[in-house]
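The values are calculated or read from the model by the stated rules, or taken from the named source; none is laboratory data. As the structure is a prediction and not an experimental result, all values here were calculated from the model. Cβ atoms come from the backbone with ideal geometry, glycine included; neighbour counts cover every protein chain shown. All accessible areas refer to the heavy atoms of the entire protein, side chains included, with ligands and DNA or RNA removed. Shrake-Rupley method; radii C 1.70, N 1.55, O 1.52, S 1.80 Å.
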Amino acid sequence: MQIVFNNNRLSIVSQLTLAELLQQQGIAMDAIAVAVDNDIVPRAKIKDFIVQDGMVVDVFTLVAGG
Amino acid sequence: MDKMNHCNERYLRQAMLDEFANKQDILANKKVAIAGLGGLGGLCSYLLVGAGVLKINIADSDVIELSNIHRQILFNQQNVGVSKLDCAIRELKALDDRVQINSFAYIDENNFTQFSQDCDLVLDLTDNIETRRKLSKLCCQHAIDFVHTSVAAFNGIMIAFPYSDRDFIRKYGCYECLVGDTPKIKPQGITGPSAAMMASACAQLVLLLLTGNYKEAGKVYLYDLKNFSIKQAKLSPNENCPVCGGFHANSI
Ligand SMILES: [Zn+2]
């Protein structure tokens, strides 16, 4: 199936979780937020969230500086 | 009458905007608590007082260092070694001597009630995720509206969390839902303009909130300060959040 990951088309296997997708893409889970179809997925849900066909996934850097 | 005309003149250009016409009395009677007087809090507080927000609480425990002043424009090289609170109070009073300021050398569970007393908003402009999580938790527990703004490298984040609205929490969650288990974030580099852009964005959001001109709910603004783009996403709650989870217990 096809998704859009950080503005690029990507083919992935079905039943992949967001956490697995990030790992495949070489993105560490430390200071990031993930949005699927523009809705933030709370970090606590990333490991169980199943990516569906056609979803648009964006990864953002979390910052805390001031 | 003279004093009146003087005030009208001060805000002339701001009040030309429909959003700010006849809003000076409203702004003058609002109270905002600002946590952090670094690259965000210094300029943000200056812009808010300049705009006519005349009651503020400010909190910071640091003294001014030479490495601060490229982005902390309330301070200059002669202020190195001086407390940020003392210097900020001086600069804000020089901008408008009517401003009422309460200052706090730190914020914890014990003085939070004092820090947030009678405040319409608490601004989290601190410099680390641990303090931000604690402050958000206190605001959520006390039902106090909270504005988060953060910046590092070329990334900025800005979010309004109106915690006094329990429906908001049920629908969008809290700061803890967003950051959850994020480990300690290492300090990164930053330019003065990056800090100033986010400080200004935050002040603008606060002015819109205080005047009833901000109608969005649950939006996260994600700034790319190098490529000058702003992305938006919607917050979602974590029903098992250790901070706001209790509010989701009865939701469908
Ligand atoms: Zn929460």
Response to the item:
Scanning region B:26-71 residue by residue, those among the charged types (D, E, K, R) and within 18 Å of residue B:214 (Cα to Cα) turn out to be B:30, B:31
Item to complete: Please indicate, with yes or no, whether at least one residue in region B:190-197 is within 13 Å of another protein chain (Cβ to nearest Cβ), farther than 30 Å from residue B:21 by Cβ, more than 16 Å from the ligand (Cβ to nearest atom) and not in a helix (DSSP H, G or I).
Response: yes
Item to complete: Could you identify the single residue in B:222, B:235, B:205 that is among the aliphatic types (A, V, I, L, M), under 22 Å from residue A:56 (Cα atoms) and in contact with a Ser or Thr (Cβ under 9 Å, 6 or more places away or on another chain)?
Response: B:222
Worksheet entry | Filtered residues of region B:206-221 (kept if surrounded by fewer than 22 Cβ atoms within 10 Å (Cβ to Cβ) and more than 16 Å from the ligand (Cβ to nearest atom)) | B:208, B:209, B:211, B:212, B:213, B:214, B:215, B:216, B:219, B:221
Discussion item. If I ask for residues that are part of a loop (DSSP other than H, G, I, E, B) and within 30 Å of residue B:28 (Cα to Cα), which ones from region B:205-244 would you list?
Written reply: B:211, B:212, B:213, B:214, B:215, B:216, B:217, B:218
Worksheet, complete the sentence: If we ask which residues in region A:28-59 are within 14 Å of chain B (Cβ to nearest Cβ), assigned to a loop (DSSP other than H, G, I, E, B) and away from the ligand (no atom under 16 Å from the Cβ), their number turns out to be 10
Worksheet entry | Failed item in (1) surrounded by 15 or more Cβ atoms within 10 Å (Cβ to Cβ); (2) within 13 Å of the ligand (Cβ to nearest atom); (3) modelled with pLDDT under 95, with residue B:185 passing the rest | (2)
Worksheet, complete the sentence: Of (1) at pLDDT 95 or above; (2) among the polar types (S, T, N, Q); (3) within 16 Å of the ligand (Cβ to nearest atom); (4) open to solvent by 40 Å² or more (accessible area, probe 1.4 Å), residue B:232 satisfies every one except (3)
Discussion item. Can you tell me which condition residue B:247 does not meet? The list is (1) open to solvent by 40 Å² or more (accessible area, probe 1.4 Å); (2) within 16 Å of the ligand (Cβ to nearest atom); (3) assigned to a loop (DSSP other than H, G, I, E, B), and all the others hold.
Written reply: (3)
Item to complete: Could you list, in sequence order, all residues of region B:141-172 that are buried (at least 23 other Cβ atoms within 10 Å of the Cβ) and part of a helix (DSSP H, G or I)?
Response: B:169, B:172
Fill in: Lone unmet requirement of (1) in a loop (DSSP other than H, G, I, E, B); (2) within 16 Å of the ligand (Cβ to nearest atom); (3) open to solvent by less than 50 Å² (accessible area, probe 1.4 Å) for residue B:178
(1)
